[in-house]
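K.L.:
Could you have a look at this structure, given as structure tokens, before my questions?
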Number of protein chains: 2
Amino acid sequence: MIGNSSPAVPDLPPSPPPPDDVRMRGFTRRVTVDDALLWVAAHARPLDSTSVSLDLADGRVLAADVCSTVDVPGFRRAMMDGYAIVAEDSQGAAPYNRLPLVIQGEVLPGQQFTGRVERGSAVRIMTGAPLPDGADAVLPAEMVEEDGQRILAHGSVPPMKHVGQVGEDVVRGTTILPAGRRLRPQDLGVLSSIGVGQVEVVRRPRVRIVVTGNELLPPGTAPRGCQITDANSPMLVALAARDGADVIHPGIIGDEPEEILAGMRGAAELIVVSGGSSVGREDHAPRLLAEHGQLAIHGIAMRPSSPAGMGLLDDRLVFLLPGNPVSCLCAYDFFAGPAIRTLGGRAAEWPYPSRSIPLARKLVSVIGRVDYARVTIEGDQAIPLAIGGASVLSSTTRADGFVVIAADSEGFPPGTHVDVQLYDRP
Amino acid sequence: MIGNSSPAVPDLPPSPPPPDDVRMRGFTRRVTVDDALLWVAAHARPLDSTSVSLDLADGRVLAADVCSTVDVPGFRRAMMDGYAIVAEDSQGAAPYNRLPLVIQGEVLPGQQFTGRVERGSAVRIMTGAPLPDGADAVLPAEMVEEDGQRILAHGSVPPMKHVGQVGEDVVRGTTILPAGRRLRPQDLGVLSSIGVGQVEVVRRPRVRIVVTGNELLPPGTAPRGCQITDANSPMLVALAARDGADVIHPGIIGDEPEEILAGMRGAAELIVVSGGSSVGREDHAPRLLAEHGQLAIHGIAMRPSSPAGMGLLDDRLVFLLPGNPVSCLCAYDFFAGPAIRTLGGRAAEWPYPSRSIPLARKLVSVIGRVDYARVTIEGDQAIPLAIGGASVLSSTTRADGFVVIAADSEGFPPGTHVDVQLYDRP
């Protein structure tokens, strides 16, 4: 679980802007993953609400309780095809004692029978049709032989048998769905059944993707020479959309401070900057954030993604993700993802299904650092991937998921049950 | 698991069209759920492919293997910020033995250093930049003190340290993603990194929703009198969209055979008919399917949803779902959902995450019938919902998921671990 810690703001060291003449240096101190998550929890809050029609509401998050103003059904109705009768008229009916009832007419769903069911008579009725006055049960078609103007009942029913009562599904005045509910297909059905056509939902966060790097070619271009094709844009756009964002991605930005700053100031509630997040000379984003906003965290005790950072610019949450694609994915999933989901009213927790499975081999980590270890699943065992550095994105496509190794753990021996977060969607 | 049985077609009884004068009667024989799933598996096949751009490819299913025509990276590159050097020049460097190297220049990502790194010299290099000729390692910035025109190394690196090799991420000629893969965000990243901007994916099935019933008011209308507001349309549209369909839903259709037949003949690969699926007088859909196509299955040994059916009309798969909303949801999830997912190249299996948890109370079923039992989860126990009939849709919004009770089971005593399919999305 991430992001569900208490929202107390951690006592972070002040983060002075780097000196004007930025020299290359390592991070002097790294913030813990837990402190970074506390910062996210303290600064990400659900947005205001907006009204959407039911056909666009699947997966959205209710901004307020929904209370029904009607009973469903609003009338007593047949729950089977058969005959509306006075139940007492069927008492004693059996295959060897078939009781006749005169057919008075029929009633279909959506119609109201105008007459009244008297003793000794029956009205043919279809599932969903309102029970005629006078009747108190439905005799199923299977218990009857129809014989022209009358039926012969060869089975009996007690009063109210096969009759749906007023409010059986929804009682007027009850809360049928609570604020915070992420709407499911059947929720839309229930909402529709009570006459709701528009629902108030938490607004989607606008997330602006700022991908920087002079070495990057746009997606759809073959890599050439010492340039590489941008892998992070398509990945980040898909990740943010998965997490419920309205994604804005104007294209690759060069390593020019003015362009990066303009990108970080675009209309959005949350900015994801990929690349230029570290402490090198071309890593402008942290300095820009420190100068023009607040660089709350820079450098995190984790692997990969240690150069990640986060802060505030005006009222925007800004996440600085390393350009190396595995680091980018990992830092997105640890920090930006929970923030985006929280803004949109969703749970901050991992969006992946998880499974507890034993390790086939040992998984080694280092005390003081959180590890994001990719694993494959073979049979019923998790196999750690022997992987290179944070640049080997294909390790995350070969992997079936990942294991988070906490900062206070040196890893696990073979056979340990670990929680694998599964990349695959159910 | 459903839908992954062997695709042998079951030996189904022939299904004669009902007599012209359809009288109300029960089903004379019900097909088993397993046989119905075999029919689905035998008749649903993945569609042909279409080309989509990467930004629309998340969650789509690859129609063919993707093989890389390039190495990624295509050049040796720095994996850290630091200095490109001849590794041997750093041997013996230590805090008490700082070795000087002359700075020859610098190289940034996307640039090519024009000179050559000679013994005794260094080129400042940023992560991702190509390693200059002559250099064979990167000395991290942390191991160096920069001193104007030279650096003082106080740490050493072996050859190839912090150097990413050609093809380290992706080797030219290898299959990076197989046909059938449901694309993940990081897959889009890897595809982009090899220069792929368009991918061949399985076409989305066009699914036409035919909702019938004279008693139905359109969504957004308050229920009144003996009419009810259509709950199934918004639910089915969301379900089919979840399962990857392009959904076509022209609105509610009256209980007129011509309209229903025209609806079933609309452009689509799969038709979902809701309502009028049983054997009552107004249940036109089964008769229409039998007369104009093939009514392969009608009446299934399950609860709810026993009036469900399926068949073929021209080359369309047609699923007849009961109008009662819980039955509609259940029959969709058992039969139409797997078919839609299969047409779109996805796995037929339940699309829900599942958990094995103990039952808090007994769960009773009947031999010979599959049950779809809604449960809530409290603490770590599954509590069967005491529910009314198939019309109580709110039971599926109160439920956290459902348990399928197989036809050969009478149910489970308290404490039994059962697999709960969870409605919630991770």
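The values are calculated or read from the model by the stated rules, or taken from the named source; none is laboratory data. All values derive from a computational prediction rather than experimental measurement. A quick note on method: Cβ atoms are made from the backbone with ideal geometry, for glycine too, and the neighbour counts reach across all protein chains shown.
K.L.:
Considering only residues of region B:281-340 that are among the charged types (D, E, K, R) and under 27 Å from the mean Cα position of the chain (by Cα), which is surrounded by the fewest Cβ atoms within 10 Å (Cβ to Cβ)?
P.N.:
B:315
K.L.:
Quick one: which residue in B:110, B:74 is free of Cβ contacts under 8 Å to residues at least 60 places away in the same chain and closer than 30 Å to residue B:199 by Cβ? I'd like the intermediate steps shown before the answer.
P.N.:
Values: B:74 fails: free of Cβ contacts under 8 Å to residues at least 60 places away in the same chain.
Just one listed residue meets the conditions, B:110.
K.L.:
Within region B:131-146, work out how many residues are farther than 22 Å from residue A:278 by Cβ and either touching a Leu at 6+ places or on another chain (Cβ under 6 Å) or within 14 Å of another protein chain (Cβ to nearest Cβ) (or both). Give the derivation first.
P.N.:
First pass over region B:131-146, keeping only residues farther than 22 Å from residue A:278 by Cβ: B:133-134, B:136.
Now restrict to residues that are either touching a Leu at 6+ places or on another chain (Cβ under 6 Å) or within 14 Å of another protein chain (Cβ to nearest Cβ) (or both): B:133.
Summing the residues that are farther than 22 Å from residue A:278 by Cβ and either touching a Leu at 6+ places or on another chain (Cβ under 6 Å) or within 14 Å of another protein chain (Cβ to nearest Cβ) (or both) in region B:131-146 gives 1.
K.L.:
Let me ask something else. Looking at region A:114-130 only, could you name the residues that are more than 10 Å from chain B (Cβ to nearest Cβ) and on the phi < 0 side of the Ramachandran plot?
P.N.:
Hits for region A:114-130 are A:114, A:115, A:116, A:117, A:118, A:119, A:121, A:122, A:123.
K.L.:
Tell me yes or no: at least one residue of region A:357-374 is among the aliphatic types (A, V, I, L, M), farther than 30 Å from residue B:348 by Cα and under 28 Å from the mean Cα position of the chain (by Cα). It would help to see each step written out before you state the result.
P.N.:
We begin by selecting, within region A:357-374, every residue among the aliphatic types (A, V, I, L, M); these are A:357, A:359-360, A:363-364, A:366-367, A:370, A:373.
With the extra rule that they be farther than 30 Å from residue B:348 by Cα, the set shrinks to A:363-364, A:366-367, A:370.
Keeping just the survivors that are under 28 Å from the mean Cα position of the chain (by Cα) gives A:370.
Yes - at least one qualifying residue is present in region A:357-374.
K.L.:
Of the residues B:166, B:157, B:210, B:199, which is out of contact with any Ser or Thr (no Cβ under 6 Å at 6 or more places or on another chain), over 30 Å from residue A:422 (Cα atoms) and not in a helix (DSSP H, G or I)? It would help to see each step written out before you state the result.
P.N.:
On the way: B:166 fails: over 30 Å from residue A:422 (Cα atoms); B:157 fails: out of contact with any Ser or Thr (no Cβ under 6 Å at 6 or more places or on another chain); B:199 fails: over 30 Å from residue A:422 (Cα atoms).
It is B:210.
K.L.:
Same structure again: Restricting attention to region B:332-362, which residues are farther than 18 Å from residue A:423 by Cα and among the aromatic types (Phe, Trp, Tyr)?
P.N.:
Once the filter is applied, which keeps residues that are farther than 18 Å from residue A:423 by Cα and among the aromatic types (Phe, Trp, Tyr), region B:332-362 yields B:332, B:334, B:335.
K.L.:
For residues that are surrounded by 21 or more Cβ atoms within 10 Å (Cβ to Cβ), of a type in the set (A, V, I, L, M, F, W, C) and under 20 Å from residue A:218 (Cα atoms), scanning just region A:254-270, find the one that is farthest from the other protein chains (Cβ to nearest Cβ).
P.N.:
Looking at residues that are surrounded by 21 or more Cβ atoms within 10 Å (Cβ to Cβ), of a type in the set (A, V, I, L, M, F, W, C) and under 20 Å from residue A:218 (Cα atoms), I get A:264.
K.L.:
Of the residues that sit in region A:56-78 and are over 29 Å from the mean Cα position of the chain (by Cα) and not in a loop (DSSP other than H, G, I, E, B), which one is nearest to the other protein chains (Cβ to nearest Cβ)? Working first, answer last.
P.N.:
Of region A:56-78, the ones over 29 Å from the mean Cα position of the chain (by Cα) are A:70-71, A:73-78.
With not in a loop (DSSP other than H, G, I, E, B) added as a condition, the list becomes A:77-78.
Numbers: A:77: 8, A:78: 10 Å.
For region A:56-78, the residue satisfying everything is A:77.
K.L.:
Go through region B:203-219 and report how many residues are among the aliphatic types (A, V, I, L, M) and surrounded by fewer than 23 Cβ atoms within 10 Å (Cβ to Cβ). Break it down stepwise before answering.
P.N.:
Taking region B:203-219 and keeping what is among the aliphatic types (A, V, I, L, M), we get B:207, B:209-211, B:216-217.
Next cut, surrounded by fewer than 23 Cβ atoms within 10 Å (Cβ to Cβ) only: B:217.
Counting residues in region B:203-219 that are among the aliphatic types (A, V, I, L, M) and surrounded by fewer than 23 Cβ atoms within 10 Å (Cβ to Cβ) gives 1.
K.L.:
Still on this structure, please answer the following. Only one of these conditions is not met by residue B:181: (1) under 30 Å from residue A:107 (Cα atoms); (2) surrounded by fewer than 24 Cβ atoms within 10 Å (Cβ to Cβ); (3) of a type outside the set (Val, Ile, Thr). Which number is it?
P.N.:
Just one mismatch for residue B:181, condition (1).
K.L.:
Let me ask you something else. Can you tell which of B:238, B:153, B:222 is crowded, with 19+ Cβ neighbours inside 10 Å, at the interface with chain A (Cβ under 7 Å from one of its Cβ atoms) and either within 30 Å of the chain's Cα centre (by Cα) or at pLDDT 95 or above (or both)? Working first, answer last.
P.N.:
Details: B:153 fails: at the interface with chain A (Cβ under 7 Å from one of its Cβ atoms); B:222 fails: crowded, with 19+ Cβ neighbours inside 10 Å.
Matching residue, one of B:238, B:153, B:222: B:238.
K.L.:
Could you tell me whether any residue of region B:218-225 is more than 30 Å from residue A:75 (Cβ to Cβ) and outside any strand (DSSP E or B)? Don't jump to the end; show me each part of the working.
P.N.:
Applying the first criterion (more than 30 Å from residue A:75 (Cβ to Cβ)) to region B:218-225 yields none.
Checked against the condition, which is being more than 30 Å from residue A:75 (Cβ to Cβ) and outside any strand (DSSP E or B), region B:218-225 yields no hits at all.
K.L.:
Mind checking which strands (runs of 3 or more DSSP E) fall wholly inside region A:365-411 and carry at least 2 residues that are β-branched (Val, Ile, Thr) and free of Cβ contacts under 8 Å to residues at least 60 places away in the same chain?
P.N.:
Numbers: elements: A:370-378, A:381-384, A:401-405.
Of the strands (runs of 3 or more DSSP E) lying wholly inside region A:365-411, those with at least 2 residues that are β-branched (Val, Ile, Thr) and free of Cβ contacts under 8 Å to residues at least 60 places away in the same chain span A:370-378, A:401-405.
K.L.:
Assess whether residue A:250 counts as being in contact with a strand residue (DSSP E or B) (Cβ under 9 Å, 6 or more places away or on another chain), away from chain B (no Cβ under 11 Å) and buried (at least 21 other Cβ atoms within 10 Å of the Cβ). Lay out the reasoning, then the answer.
P.N.:
Values: in contact with a strand residue (DSSP E or B) (Cβ under 9 Å, 6 or more places away or on another chain): yes; away from chain B (no Cβ under 11 Å): yes; buried (at least 21 other Cβ atoms within 10 Å of the Cβ): no.
It is false that residue A:250 is in contact with a strand residue (DSSP E or B) (Cβ under 9 Å, 6 or more places away or on another chain), away from chain B (no Cβ under 11 Å) and buried (at least 21 other Cβ atoms within 10 Å of the Cβ).
K.L.:
Of all the residues that make up region B:41-55, how many are surrounded by 15 or more Cβ atoms within 10 Å (Cβ to Cβ), more than 14 Å from chain A (Cβ to nearest Cβ) and not hydroxyl-bearing (Ser, Thr, Tyr)?
P.N.:
Step one: filter region B:41-55 for residues surrounded by 15 or more Cβ atoms within 10 Å (Cβ to Cβ), giving B:41-44, B:46-47, B:49, B:52, B:54-55.
Next, from what is left, pick out any that are more than 14 Å from chain A (Cβ to nearest Cβ): B:41-44, B:46-47, B:49.
Restricting the remaining residues to those that are not hydroxyl-bearing (Ser, Thr, Tyr) gives B:41-44, B:46-47.
Counting residues in region B:41-55 that are surrounded by 15 or more Cβ atoms within 10 Å (Cβ to Cβ), more than 14 Å from chain A (Cβ to nearest Cβ) and not hydroxyl-bearing (Ser, Thr, Tyr) gives 6.
K.L.:
Can you tell me which condition residue B:306 does not meet? The list is (1) at pLDDT 95 or above; (2) hydroxyl-bearing (Ser, Thr, Tyr); (3) in the same structural domain as residue B:244 (by TED's automatic domain parsing), and all the others hold.
P.N.:
(1)
K.L.:
Can you name the residue in region A:19-55 that is among the polar types (S, T, N, Q) and at pLDDT 95 or above and is also farthest from residue A:320 (Cα to Cα) among such residues? Even if it seems obvious, please write down each step before you answer.
P.N.:
Step one: list which residues in region A:19-55 are among the polar types (S, T, N, Q), which gives A:28, A:32, A:49-51, A:53.
So of that shortlist, the ones also at pLDDT 95 or above come out as A:32, A:49-51, A:53.
Numbers: A:32: 16, A:49: 27, A:50: 29, A:51: 32, A:53: 35 Å.
The selected residue is A:53.
K.L.:
If you don't mind, another one. Any residue that is modelled with pLDDT of 95 or more, part of a strand (DSSP E or B) and either at the interface with chain B (Cβ under 10 Å from one of its Cβ atoms) or over 20 Å from the mean Cα position of the chain (by Cα) (or both) - is there at least one of those in region A:183-194? Quick ask: steps written out before the conclusion?
P.N.:
Restricting attention to region A:183-194, the residues satisfying the condition of being modelled with pLDDT of 95 or more are A:183-194.
When the remaining residues are screened for being part of a strand (DSSP E or B), the result is none.
For region A:183-194, residues modelled with pLDDT of 95 or more, part of a strand (DSSP E or B) and either at the interface with chain B (Cβ under 10 Å from one of its Cβ atoms) or over 20 Å from the mean Cα position of the chain (by Cα) (or both): absent.
K.L.:
If you don't mind, there's one more thing I want to ask. If residue A:389 meets every condition in (1) modelled with pLDDT under 95; (2) surrounded by fewer than 17 Cβ atoms within 10 Å (Cβ to Cβ); (3) of a type in the set (Gly, Ala, Ser) apart from one, which number is that one?
P.N.:
Checking residue A:389 against (1) modelled with pLDDT under 95; (2) surrounded by fewer than 17 Cβ atoms within 10 Å (Cβ to Cβ); (3) of a type in the set (Gly, Ala, Ser), the one that fails is (2).
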